[in-house]
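Peer 1: This is the structure, below, for whatever I ask next.
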Amino acid sequence: MKLALRTVLVIVSILILALGWMWWNQPQAVDMRALVPADTLVYIESNKLTDIASGITSTDAWKSLAPPTGIRSNIGQLSRWERLAAWTGIGPAESVIIGRAQVAVAVTGFATSSESEEIFNIKPLFAVVIETHSSDARARSLVMKRVGEFAQKIYGTNQPASKQSDGIELTVWSAPQSEKHIVAAVEASVAVVGNDEDAVKACIAVRRGARPSLASNPEVEEMRRRVNGADALAFGYISPEGASTLLEIAARAYFGLLTDPRAQSGAGSLFAQLRNKFIGGIGWSSRIVGGKVEDRYFFKLQNGLAQNLKTPLTIDPTIKFGVADFLPPETYSLSRYNYRDPAEAWRGMKAAIYSQLDVATAFFISSKKLLDAILAPYGIEEPELFFRSIGPEIATARLDGTVEGTVTIVEVRDENTLREFVKKRLGTNAKTDRVGDAELLISSDEERGAAAFVAGRLLLGPEINLRKCLEARAQGQTLSRSEQFMRAVQTVSSESSTNTLTYTRETDAARDFITSLASQRSLRERPPDIEELNKSFERLGYSVSGTNLVEGGFEKVTRSSFGLLGTLATQIFASSSQ
């Protein structure tokens, strides 16, 4: 009896000790901000990679596209034993680390180069920081193996070199006859891998306490709160300095659309003074909502701009959008803008811009009407006159994925004034045609495009685009008859309560993501069924993106098949296959 009791006590004691050890060995989440430099320009974190994988594979688009692609059905899922390994820390290094890892990406700078005036290249300098919640030996072994395999794939060689720099042991894989390289360092449970030696060293220095970390920046937590990032699959932050750099990139791309030297000069002058005065930090989070990936962004405006724009950008809550009745069913994207008074909105935005400029520059830009010239690519050469003559319903659409496929649609309020506007824009030799019940006016100069008056609307754009729109309307085959589009519209609680609402066909983005995954043979269990896959792509609908002016800045919420996470994954797979 005593022996049996002792045996029971021993077993119970062992169980208690085992459970206590496993509880103690559970990974405790760390603040990844504390592992990246305080001057990080772009920061992205995910506290559980397996949650991202399981989230993506739970979306409606994945369930429709993955089977015909031939991708493994269990991708992103941990087996019972892998979950146990992640919890206890006992098992193969890869299973333990994948199940436990927290990951952050820190972009510390940008390298730029210009091939020509039209081509501008930018390369982010970044480091990926992985808190493995494992031992130094396990972390080092897995990093050397996986990074070596990656280097072999993209460089064609796996011959790392070791070096010491500032007391940090670095391993470097270099591309033959190229400046490209991968740098890695492992210290205790933290692994850092990047494309820039200084970025990797900076993260290790932060871990050692030799440099301040991003954890000391209170704006990051403000952004996390703004985008509900506490329990998101991923969270991102762009500092004001990072936003300024990205704004410069976007501005360069837009400047290329301006054919008027006056507009280019004005845009350049504006940008030089405004790049650090408009946008503060930017926040982002991603989660799964209703079978879609929801990306939530917050763009912080500085210097009281949000308050200054509140009245000019007031919406009209009674508006009934009908522009889908004027577009063909294959329309690629549609953006609807809602401003109670478009003329006041334009004046308010100009006033907000002028308030950030010195007096001389503001006077020069105002006198030369340089801001007005920026709208020329949309066919609007006299914005003040134009906006006074239209109603609150404004839309721009792309009939295909190109800039050339653009159409602008507005509600006619003062037809006589708009006809004078159109006459001046198209020139005196414009010819007139009828398409259904529409009056189509066509300039003799192809670059000036065409205009159409129909059912209380004015359409502006290239002749070929307007004919597509008018013929679709005449035949009763418009975007409003598209099942996929109307399904997207029904997901919006109220179209009239949003400043800007954009619908974009999902096919291209989803195809890029799925095919990039399918190109990785290790992820496939069978060859793809191309015919069925194409049918699945065609059944995809539209992503929906809404942007509103809120307290302190602009909030944007997008629901799509795979979201920004899918776009980032596509870029990673694309770079690994080059």
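The values are calculated or read from the model by the stated rules, or taken from the named source; none is laboratory data. Predicted model, so just to flag it, every value in this text is computed and none were measured. Note: ideal-geometry Cβ built from the backbone for every residue, glycine included; neighbour counts use all protein chains shown.
Peer 1: Does LEU274 fit the bill of being more than 24 Å from ALA38 (Cβ to Cβ), surrounded by fewer than 21 Cβ atoms within 10 Å (Cβ to Cβ) and at pLDDT 60 or above? Even if it seems obvious, please write down each step before you answer.
Peer 2: On the way: more than 24 Å from ALA38 (Cβ to Cβ): yes; surrounded by fewer than 21 Cβ atoms within 10 Å (Cβ to Cβ): yes; at pLDDT 60 or above: yes.
So LEU274 fits the description; yes.
Peer 1: What is the number of the single condition among (1) surrounded by fewer than 21 Cβ atoms within 10 Å (Cβ to Cβ); (2) among the hydrophobic types (A, V, I, L, M, F, W, C); (3) in contact with a strand residue (DSSP E or B) (Cβ under 7 Å, 6 or more places away or on another chain) that ALA452 does not meet?
Peer 2: (1)
Peer 1: Something else: What tally of residues in the stretch 153-171 results from selecting those that are in a strand (DSSP E or B) and among the small types (Gly, Ala, Ser)?
Peer 2: Within the stretch 153-171, the first condition is being in a strand (DSSP E or B), and the residues that meet it are 161-165, 168-171.
Applying the additional criterion that residues be among the small types (Gly, Ala, Ser) yields 161-162, 165.
Within the stretch 153-171, residues that are in a strand (DSSP E or B) and among the small types (Gly, Ala, Ser) number 3.
Peer 1: Just checking, how many residues over the stretch 469-485 are surrounded by fewer than 20 Cβ atoms within 10 Å (Cβ to Cβ) and touching a Gly at 6+ places or on another chain (Cβ under 9 Å)?
Peer 2: Narrowing the stretch 469-485 to residues surrounded by fewer than 20 Cβ atoms within 10 Å (Cβ to Cβ): 471, 474-477, 480-481, 483-484.
Checking the rest, the ones that are also touching a Gly at 6+ places or on another chain (Cβ under 9 Å) come to 471, 474-475, 480, 483-484.
Residues that pass the stated criteria total 6.
Peer 1: Out of the residues in the stretch 407-433 that are β-branched (Val, Ile, Thr) and surrounded by fewer than 13 Cβ atoms within 10 Å (Cβ to Cβ), state the one that is nearest to ALA395 (Cα to Cα). Don't jump to the end; show me each part of the working.
Peer 2: Narrowing the stretch 407-433 to residues β-branched (Val, Ile, Thr): 407-410, 412, 417, 422, 428, 432.
Restricting the remaining residues to those that are surrounded by fewer than 13 Cβ atoms within 10 Å (Cβ to Cβ) gives 428, 432.
Values: THR428: 27, THR432: 24 Å.
My answer is THR432.
Peer 1: Filter the stretch 325-352 down to the residues that are touching a strand residue (DSSP E or B) at 6+ places or on another chain (Cβ under 7 Å) and outside any loop (DSSP other than H, G, I, E, B), then identify the one that is nearest to SER497 (Cα to Cα).
Peer 2: Filtering the stretch 325-352 down to residues touching a strand residue (DSSP E or B) at 6+ places or on another chain (Cβ under 7 Å) leaves 326-327, 331-340, 342.
With outside any loop (DSSP other than H, G, I, E, B) added as a condition, the list becomes 326, 333-338, 342.
Details: PHE326: 22, SER333: 20, LEU334: 17, SER335: 14, ARG336: 11, TYR337: 10, ASN338: 8, PRO342: 16 Å.
Filtering first and then ranking leaves ASN338.
Peer 1: Which pairs have Cβ atoms under 8 Å, sit 6 or more apart or on different chains, and link a residue in the stretch 500-517 that is in contact (Cβ under 8 Å) with a residue 24 or more places away in the chain to one that is among the charged types (D, E, K, R)?
Peer 2: THR500/ARG336; LEU501/ARG336; LEU501/GLU495; THR502/ARG336; THR507/GLU538
Peer 1: Take SER519 and decide whether it is polar (S, T, N, Q) and surrounded by 14 or more Cβ atoms within 10 Å (Cβ to Cβ). It would help to see each step written out before you state the result.
Peer 2: On the way: polar (S, T, N, Q): yes; surrounded by 14 or more Cβ atoms within 10 Å (Cβ to Cβ): no.
Criteria not met by SER519.
Peer 1: Would you tally the residues in the stretch 395-409 being closer than 18 Å to LEU501 by Cα and without any contact (Cβ under 8 Å) to a residue 60 or more places away in the chain?
Peer 2: Final tally of qualifying residues: 2.
Peer 1: Mind listing just one residue for me: the one in the stretch 335-354 that is within 30 Å of SER482 (Cβ to Cβ) and in contact with a helix residue (DSSP H, G or I) (Cβ under 7 Å, 6 or more places away or on another chain) and, of those, surrounded by the fewest Cβ atoms within 10 Å (Cβ to Cβ)? I'd like the intermediate steps shown before the answer.
Peer 2: Within the stretch 335-354, the subset within 30 Å of SER482 (Cβ to Cβ) is 335-340, 342, 345.
The next check asks that each one be in contact with a helix residue (DSSP H, G or I) (Cβ under 7 Å, 6 or more places away or on another chain); those that pass are 336, 338-339, 342.
Details: ARG336: 23, ASN338: 25, TYR339: 25, PRO342: 25.
Among residues in the stretch 335-354 that are within 30 Å of SER482 (Cβ to Cβ) and in contact with a helix residue (DSSP H, G or I) (Cβ under 7 Å, 6 or more places away or on another chain), the one surrounded by the fewest Cβ atoms within 10 Å (Cβ to Cβ) is ARG336.
Peer 1: Would you mind stating whether ALA191 is of a type in the set (Gly, Ala, Ser), in contact (Cβ under 8 Å) with a residue 12 or more places away in the chain and farther than 30 Å from ILE288 by Cβ?
Peer 2: Numbers: of a type in the set (Gly, Ala, Ser): yes; in contact (Cβ under 8 Å) with a residue 12 or more places away in the chain: yes; farther than 30 Å from ILE288 by Cβ: no.
Criteria not met by ALA191.
Peer 1: Return the total of residues in the stretch 145-171 being at pLDDT 90 or above, surrounded by fewer than 17 Cβ atoms within 10 Å (Cβ to Cβ) and aliphatic (A, V, I, L, M).
Peer 2: 1
Peer 1: Here is a check on your reading of the model: is LYS201 in contact with a Ser or Thr (Cβ under 7 Å, 6 or more places away or on another chain), charged (D, E, K, R) and in the same structural domain as SER134 (by TED's automatic domain parsing)? Explain how you work it out, then say what you get.
Peer 2: On the way: in contact with a Ser or Thr (Cβ under 7 Å, 6 or more places away or on another chain): yes; charged (D, E, K, R): yes; in the same structural domain as SER134 (by TED's automatic domain parsing): yes.
Criteria met by LYS201.
Peer 1: Now for a separate question. Go through (1) without any contact (Cβ under 8 Å) to a residue 40 or more places away in the chain; (2) within 30 Å of PHE298 (Cα to Cα) and name the single condition SER213 misses.
Peer 2: (1)
Peer 1: Does any residue of the stretch 71-85 turn out to be modelled with pLDDT under 90, among the hydroxyl-bearing types (Ser, Thr, Tyr), farther than 30 Å from ILE282 by Cα and out of contact with any Phe, Trp or Tyr (no Cβ under 9 Å at 6 or more places or on another chain)? So that I can check it myself, show each step before the final result.
Peer 2: Of all residues in the stretch 71-85, those modelled with pLDDT under 90 come to 71-85.
Subsequent filtering for residues that are among the hydroxyl-bearing types (Ser, Thr, Tyr) retains 73, 79.
Checking which are farther than 30 Å from ILE282 by Cα leaves us with 73, 79.
Filter once more, so that each one left must be out of contact with any Phe, Trp or Tyr (no Cβ under 9 Å at 6 or more places or on another chain): 73, 79.
Yes: the stretch 71-85 contains one or more residues that are modelled with pLDDT under 90, among the hydroxyl-bearing types (Ser, Thr, Tyr), farther than 30 Å from ILE282 by Cα and out of contact with any Phe, Trp or Tyr (no Cβ under 9 Å at 6 or more places or on another chain).
Peer 1: Check SER545, SER522 and return the single one that is hydroxyl-bearing (Ser, Thr, Tyr) and either in a loop (DSSP other than H, G, I, E, B) or free of Cβ contacts under 8 Å to residues at least 40 places away in the same chain (or both). If you could, list the steps in order and put the result at the bottom.
Peer 2: Values: SER545 fails: either in a loop (DSSP other than H, G, I, E, B) or free of Cβ contacts under 8 Å to residues at least 40 places away in the same chain (or both).
When all the criteria are applied, what remains is SER522.
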